[in-house]
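For reference, the structure discussed in these notes is given below.
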Amino acid sequence: MSRVLLAHNSTYYPSSGGGDKSNRLLMEALAARGHDVRVVARVERFGESGHAQFLRDLAARSVRHEVIEPGAVRFSRNGVDVRTLTLDTHWRAFFSAQLDAFQPEVIITSTDDPAQLLFDLAVKSQARVMYLVRATIAVPFGPESSSVSAERTAKLRQADAAVGVSQYVANYCRTHGGLDAVHVPISLLEPGTPNRVGRFENPYVTMANPCAVKGIDIFLGVADRLPEVRFAAVPMWGTTTTDRAQLLRRPNVRLLELFDNIDDLLALTRVMLVPSVWHEARSRMIVESMSRGVPVVASDVGGIHEAMMGVDYLLPVNAIEHYQPSVDEHMVPVAQVPPQNVEPWVETVRTLCASEPLWNALSDRSLLAALDYMRHLTAEPFEALMFDLLKRPKKPAISAAAGDRKKLLALMLKQRQAASNPWLPVTGAPPRLVCFPFAGAGTGPFRQWTLPVSTVPLLLPGRETRQGEPPIEDMASLVSSITAAIEPLVREPFAFFGHSMGAVVAYETARELRRRGLPMPVALFAAGARAPHFRRNWTPPPEPSEQEFLDELRRLEGLSLKVLDNPELLRLALPALRADARLYRNYVYAEDAPLPVRIFAYGGVSDPNVAPGHVEAWREHTTGGFEARIFAGGHFFIDTARDEFLRELSLRLRQAGLSK
């Protein structure tokens, strides 16, 4: 038997994601077949709080464990040795140490590592590498990818095997990525025969993981059209704060907490809705539901038809074709979701909930199809592929062929050219609010705002889809470039919004528009920033060390804890963040006449660096009218008091004559 190591770039157990559960069951099946299986995993947030929560989660499930060095937790589950990093932040170093200690013959990686943090180390080892593709959004190639990269695609070809979770995914990898991908079962189910918990009298029409890509708009549309039907939603990894708020506003929708045992959820479910609008790779929830006699109504996209096994109902959707160059609060790529026709969904759900004979017949067909599928569902095909790899030489670490590189680069260029102006990935119809980001930020903070105008976030070099470009480190160059980028928009009504550093950049851009004789913004909204003249005769301080810089960020709340406590996110964010901090540190205010633009200045009452007096001082920079307001919260009050702040912003935009 073989030594098998799973590189799991998330929490292996306990976890709620379908991919996490599928990886766990595959590893347990290999262990049951006699293989020596080890898992290297991590918690979502490193540090004392994440460590303590992880220990509580294990204790609640009676899992015996031990804390090992460096800053990790070890436990065994169903024959699998699990090492989870919790306290220490050196994730790659921890994985590398486990490689050296365990000396695996096979390393299993997957699409839960889209940045290839662990895959890169795996292919450099002597082990055979198997790459599991569970989501086409997470691969760096093809039309369904959220981030095309020729370099990362070339690296994936160094895997000794690529395995798609469905035939659809395997075909996609062969067609668009040039990978010699195959499909064998990698989403196993719990051993034994599932309990038939589906009942017509079960109370809810249920959706798991309600979010944009999973089709929350369809779910909400059906719930609105069928007020007499009770619905349930289970928030998971994709559900944002905005999604939760929309669900809570519906009187016939109940939010359910996650269940460790899926039987507990399905025993409450009359019909399972899977209205995905991305190209779903397969959907574990479909098979889990059908195997317990719960009918499923699902989207006819991606590999879902394979999961449905020829059973009704597959309904049409307008699938996502493009992703915005940003991520949401959960670091999930933001999709451009097309409008959906909910009529087929409404009629199907209405009919199923009204006809017990129809429901019973569909429940029977679903159960029989699932049980027949499960009879042939084992780890043997995957094991056979693994044994075959061990007989063959390991693939050498080589770069992509020149012709392949050209094709991939052309595809990447085509995707990037979808937005003709890299500074403005999204422009929308006038009137517009041009949003200037705080230090280190991209377009993400503004994507979810709902305002009476089009929100137009600026994308500066060095972040998101411009990650490969060097950040701009002096104010004059940045302002000049932004002015040139937004010039096509200023002929129609617009306003500026900036937070923290972004407020000062917005102010300087307004002055540059005046110098060039171009139209000025109707209003300037400055949040979380001192008035510019506090930098009059400013002498920049010395460059801080990295630790001093991080300590200052924590003190001033200059970066969210989600990033500060995650070393991989921090590693990606630091170059742009340091460049922006250097830009603002070296900014010196130059005297000029006040702007003939109305200024609204905002602050947080507990902001450690911007006092109410600093906010009020913006009054000196306008002859067009001024108002100030202080909100509850600290530096990022625009997040913590978001609803109240957006109501204020909407009101002022309308008062300025800016609304659609």
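Return yes when Phe382 is under 30 Å from Tyr131 (Cα atoms) and open to solvent by 40 Å² or more (accessible area, probe 1.4 Å) and no when it is not.
Details: under 30 Å from Tyr131 (Cα atoms): yes; open to solvent by 40 Å² or more (accessible area, probe 1.4 Å): no.
So Phe382 fails the test.
Do the conditions hold for Val169, that is, is it open to solvent by less than 10 Å² (accessible area, probe 1.4 Å), closer than 30 Å to Pro381 by Cα and within 22 Å of the chain's Cα centre (by Cα)?
Numbers: open to solvent by less than 10 Å² (accessible area, probe 1.4 Å): yes; closer than 30 Å to Pro381 by Cα: yes; within 22 Å of the chain's Cα centre (by Cα): yes.
For Val169, the condition - open to solvent by less than 10 Å² (accessible area, probe 1.4 Å), closer than 30 Å to Pro381 by Cα and within 22 Å of the chain's Cα centre (by Cα) - is met.
Among the residues in region 267-282, are any surrounded by fewer than 21 Cβ atoms within 10 Å (Cβ to Cβ), in a loop (DSSP other than H, G, I, E, B) and over 25 Å from the mean Cα position of the chain (by Cα)?
Checked region 267-282: at least one residue is surrounded by fewer than 21 Cβ atoms within 10 Å (Cβ to Cβ), in a loop (DSSP other than H, G, I, E, B) and over 25 Å from the mean Cα position of the chain (by Cα).
With the condition being in contact with a helix residue (DSSP H, G or I) (Cβ under 9 Å, 6 or more places away or on another chain) and at pLDDT 95 or above, I'd like the strands (runs of 3 or more DSSP E) fully within region 285-355 carrying at least 3 qualifying residues. Steps first, please.
Numbers: elements: 296-299, 323-327, 333-335.
Fully inside region 285-355 and qualifying: 296-299.
Yes/no per residue for (1) farther than 30 Å from Asp643 by Cβ; (2) at pLDDT 95 or above; (3) of a type outside the set (S, T, N, Q); (4) within 28 Å of the chain's Cα centre (by Cα):
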{"residue": "Ser420", "(1), (2), (3), (4)": "yes, no, no, yes"}
{"residue": "Val426", "(1), (2), (3), (4)": "no, no, yes, yes"}
{"residue": "Pro437", "(1), (2), (3), (4)": "no, no, yes, yes"}
{"residue": "Arg447", "(1), (2), (3), (4)": "no, no, yes, yes"}
{"residue": "Val453", "(1), (2), (3), (4)": "no, no, yes, yes"}
{"residue": "Glu464", "(1), (2), (3), (4)": "no, no, yes, yes"}
{"residue": "Ser477", "(1), (2), (3), (4)": "yes, no, no, no"}
{"residue": "Phe497", "(1), (2), (3), (4)": "no, yes, yes, yes"}
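I'd like to check something: does region 78-85 contain any residue that is of a type in the set (S, T, N, Q) and within 28 Å of the chain's Cα centre (by Cα)?
So in region 78-85, the residues of a type in the set (S, T, N, Q) come out as 78, 84.
In the following step, the residues that additionally are within 28 Å of the chain's Cα centre (by Cα) were identified as 84.
Yes, that holds for at least one residue.
So, in region 65-85, of the ones that are out of contact with any Leu (no Cβ under 7 Å at 6 or more places or on another chain), at pLDDT below 95 and assigned to a loop (DSSP other than H, G, I, E, B), which residue ends up most open to solvent (accessible area, probe 1.4 Å)?
Per the stated criteria, the residue is Glu69.
Which of the residues belonging to region 105-153 are buried (at least 19 other Cβ atoms within 10 Å of the Cβ), touching a Leu at 6+ places or on another chain (Cβ under 8 Å), of a type in the set (A, V, I, L, M) and part of a loop (DSSP other than H, G, I, E, B)?
Ala127, Val139, Val148
Condition first: in a helix (DSSP H, G or I), under 21 Å from Arg582 (Cβ atoms) and open to solvent by 10 Å² or more (accessible area, probe 1.4 Å). Now tell me which residues in region 480-500 satisfy that.
Hits for region 480-500 are Ser480, Ser481.
So for region 94-109 (the condition being within 21 Å of the chain's Cα centre (by Cα), at pLDDT 95 or above and under 30 Å from Glu144 (Cβ atoms)), does at least one residue qualify? First the steps, then the outcome.
We begin by selecting, within region 94-109, every residue within 21 Å of the chain's Cα centre (by Cα); these are 109.
The next check asks that each one be at pLDDT 95 or above; those that pass are 109.
From what's left, under 30 Å from Glu144 (Cβ atoms): 109.
Scanning region 94-109, I find at least one residue that is within 21 Å of the chain's Cα centre (by Cα), at pLDDT 95 or above and under 30 Å from Glu144 (Cβ atoms), so the answer is yes.
Residue check: is Ser15 free of Cβ contacts under 8 Å to residues at least 40 places away in the same chain and within 16 Å of Arg284 (Cβ to Cβ)?
Numbers: free of Cβ contacts under 8 Å to residues at least 40 places away in the same chain: yes; within 16 Å of Arg284 (Cβ to Cβ): yes.
Considered against the rule, which asks whether it is free of Cβ contacts under 8 Å to residues at least 40 places away in the same chain and within 16 Å of Arg284 (Cβ to Cβ), Ser15 comes out as yes.
Would you mention how many residues in region 13-50 are within 20 Å of Ala379 (Cβ to Cβ) and assigned to a helix (DSSP H, G or I)?
Summing the residues that are within 20 Å of Ala379 (Cβ to Cβ) and assigned to a helix (DSSP H, G or I) in region 13-50 gives 15.
Within the set of pairs 6 or more residues apart or between chains, which connect a residue that is within 13 Å of Val40 (Cβ to Cβ) inside region 50-75 to a residue that is crowded, with 16+ Cβ neighbours inside 10 Å and among the basic types (Lys, Arg) with Cβ atoms less than 7 Å apart?
Matching pairs, first to second residue: Ala72/Arg83; Arg74/Arg83.
Show the residue pairs meeting these rules: Cβ distance below 7 Å; 6+ apart or different chains; first residue within region 617-632 and within 20 Å of Gly604 (Cβ to Cβ) and acidic (Asp, Glu); second residue assigned to a loop (DSSP other than H, G, I, E, B) and open to solvent by less than 30 Å² (accessible area, probe 1.4 Å).
none
Thr348: in contact (Cβ under 8 Å) with a residue 24 or more places away in the chain, within 18 Å of Arg230 (Cβ to Cβ) and either of a type outside the set (Ser, Thr, Tyr) or in contact with a Leu (Cβ under 8 Å, 6 or more places away or on another chain) (or both), yes or no? So that I can check it myself, show each step before the final result.
Details: in contact (Cβ under 8 Å) with a residue 24 or more places away in the chain: yes; within 18 Å of Arg230 (Cβ to Cβ): yes; either of a type outside the set (Ser, Thr, Tyr) or in contact with a Leu (Cβ under 8 Å, 6 or more places away or on another chain) (or both): yes.
So Thr348 passes the test.
If you go through region 397-404 one residue at a time, do you hit one that is modelled with pLDDT of 70 or more and at negative phi? Walk me through how you get there before you give the answer.
Our first condition is that a residue be modelled with pLDDT of 70 or more; within region 397-404, this holds for none.
No, there is no match, as no residue in region 397-404 is modelled with pLDDT of 70 or more and at negative phi.
Val317 - would you say it is aliphatic (A, V, I, L, M) and open to solvent by 40 Å² or more (accessible area, probe 1.4 Å)? Give the steps one after another, and end with the answer.
Details: aliphatic (A, V, I, L, M): yes; open to solvent by 40 Å² or more (accessible area, probe 1.4 Å): no.
No; evaluated as a whole, the condition is false for this residue.
The values are calculated or read from the model by the stated rules, or taken from the named source; none is laboratory data. Given the structure is predicted, the values throughout are model-derived calculations rather than measurements. Counting neighbours? That spans all protein chains shown, and the Cβs are built from the backbone with ideal geometry, glycine included. Please note that ligands, DNA and RNA were not included when accessible areas were found on the heavy atoms of the full protein model with its side chains. Shrake-Rupley method; radii C 1.70, N 1.55, O 1.52, S 1.80 Å.
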